[in-house]
Amino acid sequence: MNILITGAGRGIGLELASHYQALGHQVLGTVRSKQHKAALETKGIRALELDLTQQHSVLELAEALKGQALDLIVNNAGVLHAEADLDEVDAFNFAHCIQVNSLGPLLLSRALLPNLLAGKAKKLAFISSLMGSVGDNGSGGYYSYRASKAALNAVAKSLAVDLAPEGVRVGLYHPGWVQTDMGGPRALIDTATSVAGLTQRIEELDEAASGRFLNYDGKPLPW
């Protein structure tokens with residue numbers, strides 16, 4: 001398969017890219033920094049620059065990939081601003097979270113839709129978070145992150161409905177609480193465990209599973 005993974009220079013994204021590369025797939029990974037670009041290129045993975053906060057960057061990536069069929073796009077890139085309580089909410093950080101975690105993936109998916117339709121698998125995956133679940137929220141806080149992931153869930157569900165007639169299947173996944181820079185050292189699982197589950201869910205993604213919100217281990221999650 002030809003696979004594009006955003007935020008592929010570290011954490012879950014890097015593990016996903018490495019996993020698919022090891023299986024012999026053609027992997028493209030997007031990054032923002034030279035450090036993360038080097039992390040990909042040392043593994044023989046082509047790294048492309050992308051800033052999800054800039055629409056021109058999304059369009060430039062689409063132009064660079066014009067005519068390139070993609071079987072799977074994994075919208076993995078994300079950002080978290082720690083806001084443990086109401087007093088820490090910041091308007092800039094809130095808007096930044098929405099831009100990176102919600103609007104950016106939507107604009108990228110739209111820009112690369114011709115590439116996806118030219119592929120065989122036609123799979124569009126989004127790495128969301130259980131923190132975007134309204135039904136599961138019993139602890140509050142993290143306003144911008146929760147709101148941005150809830151928005152991402154809504155985006156993915158609408159794409160699943162709108163793109164179904166064209167044969168596109170949309171997966172929406174919580175990766176677990178993972179030991180990454182974002183998840184922290186106290187997280188419950190490592191990146192290998194998360195990616196093993198995520199890639200299995202993506203492999204199983206079909207018409208029946210499209211638009212569902214699932215845990216990395218396949219458990220259905222509340223909206």
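The values are calculated or read from the model by the stated rules, or taken from the named source; none is laboratory data. What you see is a predicted model, and the numbers here were worked out from it, not measured in a lab. Ideal geometry is used to build each Cβ from the backbone, glycine not excepted, and the neighbour counts take in all protein chains shown.
On inspection, Asn101 fails the criterion of being of a type in the set (S, T, N, Q), closer than 26 Å to Arg212 by Cβ and in contact with a strand residue (DSSP E or B) (Cβ under 9 Å, 6 or more places away or on another chain). Could you check how many residues of the stretch 1-16 are under 10 Å from Val31 (Cα atoms) and among the polar types (S, T, N, Q)? Looking only at that region, the number is 1.
Of the numbered conditions (1) over 26 Å from Ile202 (Cα atoms); (2) touching a Cys at 6+ places or on another chain (Cβ under 8 Å), Leu80 satisfies every one except a single condition; which is it? Every condition holds for Leu80 apart from (1). Restricting the stretch 100-143 to residues that are within 26 Å of Lys219 (Cβ to Cβ) and basic (Lys, Arg) leaves a set whose member that is surrounded by the most Cβ atoms within 10 Å (Cβ to Cβ) is Lys123. Filtering Glu15, Glu41, Glu60 for residues that are among the acidic types (Asp, Glu), modelled with pLDDT under 95 and buried (at least 16 other Cβ atoms within 10 Å of the Cβ) leaves a single hit, Glu15. Exactly one residue out of Val89, Val170 is of a type in the set (Val, Ile, Thr), under 20 Å from Ile3 (Cα atoms) and in contact with a Ser or Thr (Cβ under 8 Å, 6 or more places away or on another chain): that is Val170. Listed by position, the helices (runs of 4 or more DSSP H) enclosed by the stretch 1-111 that each have at least 3 residues that are over 26 Å from Thr191 (Cβ atoms) are 55-64, 91-98, 104-111.
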